[in-house]
Amino acid sequence: MQLQDFKDERKAKIKAAYENLGRPTNDFKCDKSNRDTIRSVLSGMGFPYSAYKDTTVSELEDAWKSLFLHGSFDPEGLGLVPLFVKAGVTSADDISNEIERCIDRLDIALDWDIDTASYPSVSDIIEVMAAYRDGGAQTPKDGEAPSDAALELAKALSAVMENMGPKPAELDESRVVELIRAHSSATEIRLVTSDETRTIPTGLHHKVLPDVIKMLSAGVNVMMVGPAGSGKTTIAHQAAQALDLPFYFNGALNSEYKLTGFVDAQGRIVSTAFRKAYETGGVYLFDEIDASMPDALLAFNAALSNGQADFPDGTIPKHDKFHCVAAANTFGRGADRVYVGRNQLDGASLDRFCVINVDYDEDLERALSANDNWTGYVQKVRKAVFDLKIRHVVSPRASISGSRMLAAGLPQEFVEEAALFKGMDRDSLSKIKAAAGV
């Protein structure tokens, strides 16, 4: 990130947090009362949510002291390094660049001149660290001996880099605790089938994705039921990627031929997503199944049950790598107060699926929006809407699109109307804001 890309919103976030807590003293302690403020300034510094969402209060305390205790990067604290590692910064050069940017960002956000005269420069620190790693001389190129602080920091950074390299560190108790913290949010799944056991990387994902992948690998038809914007389509797509299979999908269908295909006026077979997955293998998502018509569902039910399906040019057997996912906003019992256009599914359709509830994953929502304050506001409004039983959808899309508009400089009042309330009547709006305390 260049300094010209450092948005005014982030500058304000850093300045507000600093004014709230002030420059820390040596005995500064992080606790429940101030940890969110520290996270706010880290967000303003540009650290992604993944870098600080699982940090302990002691790690947040170290990071805050590193930033503010001496008016620059604290050479004794190393408090920022764990955050860089969690954010995926794993090389000495990258860490040095990020340290330098942190100092610059503080400088421009707080409009102060950071005095680093009594502390080693970033380049000196990295140069000494490189000398330690290479086993060479322990003095900078200009021949001047480094300060004690530079030497100590170089040793510490060198040790951190060593633990990131191919050489495994000894698994003493502290190292075990470090590993548990680093991997507390699983980014891979261990998949066991009758044929093999393998580990699948997943990356950023909804909390139910591992269960969906395992259900599909077990040969189970899965119905995901959840509100609009809960991530059902993305989950199915990520499951297909994890299983190394093509992904096919369609939305609500109003006739059988849109499921199975048809013969056009020139006598050519017009295929469909369902046929391609059924015939050649893949993960097929029947989205909004509870908004589809009975004719389409009858043909669909028959194909799932019989191991073969009727298409315009004949009967085709089901491929052994065909995996079926359905997505719905209701549990098949018909319309409710929010999803008034949904149809009731008969028992034959429901019996062909195992159902998994896909609610909003608020941790994922925060990570995707990258704006804690706005997302927290949206989540409070969502809870109020639910508690008041108001017919209105507040999905993570409001957090994600709203944070983008705020970053583009649009005022919050405009963003609230465009992404969150969307023409809601004044009476409902007042009730929601009162219930949410916003």
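The values are calculated or read from the model by the stated rules, or taken from the named source; none is laboratory data. Note that this is a predicted model, so its numbers are computed, not measured. Heads up, the Cβs are rebuilt from the backbone with ideal geometry, glycines too, and the neighbour counts pull from every protein chain shown. In case anyone asks, the SASA skips ligands and DNA or RNA and just uses the protein heavy atoms, side chains included. Shrake-Rupley method; radii C 1.70, N 1.55, O 1.52, S 1.80 Å.
Probing with 1.4 Å while keeping every protein chain in the model, the per residue accessible area of the range 211-290 equals 40 Å². Spin-label model, Asp244/Cys354: points 7 Å from Cα along the beta carbon direction are separated by 2.3 nm. In this simple spin-label approximation, Glu279 and Ala16 carry label points 7 Å from Cα along the Cα→Cβ vector, and these lie 5.7 nm apart. Sorted from greatest to least, the principal axis extents spanned by the alpha carbons of the range 17-59 come out as 27, 20, 17 Å. Coupling constants for the range 363-378 follow from the phi torsions by the Karplus curve (6.51 cos²θ - 1.76 cosθ + 1.60, θ = phi - 60°), and in residue order they are 5, 5, 4, 5, 5, 6, 7, 6, 9, 4, 5, 5, 5, x, 4, 4 Hz; glycine and proline get x. Straight-line reach from Lys380: taking Cα to Cα under 24 Å and skipping same-chain neighbours fewer than 8 places apart, the lysines in range are Lys13, Lys32, Lys53, Lys207, Lys232, Lys389, Lys422, Lys431, Lys433.
Shape class for the range 229-303, computed from the alpha carbon gyration tensor (a ≥ b ≥ c): oblate, with a/c not under 1.5 and a/b at or below b/c.
Modelled spin-label separation between Lys431 and Glu417, with each label point placed 7 Å from Cα along the Cα-to-Cβ direction: 2.2 nm.
Calculate, for Ala408 and Asn306, the FRET efficiency according to 1/(1 + (r/R0)^6) with r their C-beta to C-beta distance and R0 45 Å; round to the nearest 0.05. For R0 = 45 Å, the calculated efficiency reads 0.30. Volume of the convex hull of the range 356-438 (Cα atoms only), normalised per residue: 92 Å³.
Extension gain, Asp211 to Asp36, is 59.9 nm, computed as 0.36 nm per intervening residue step minus the present C-alpha separation. Residues of the range 277-291 falling in the label zone of Ser401, defined by backbone nitrogen less than 20 Å from a point 7 Å along Cα to beta-carbon, are 288.
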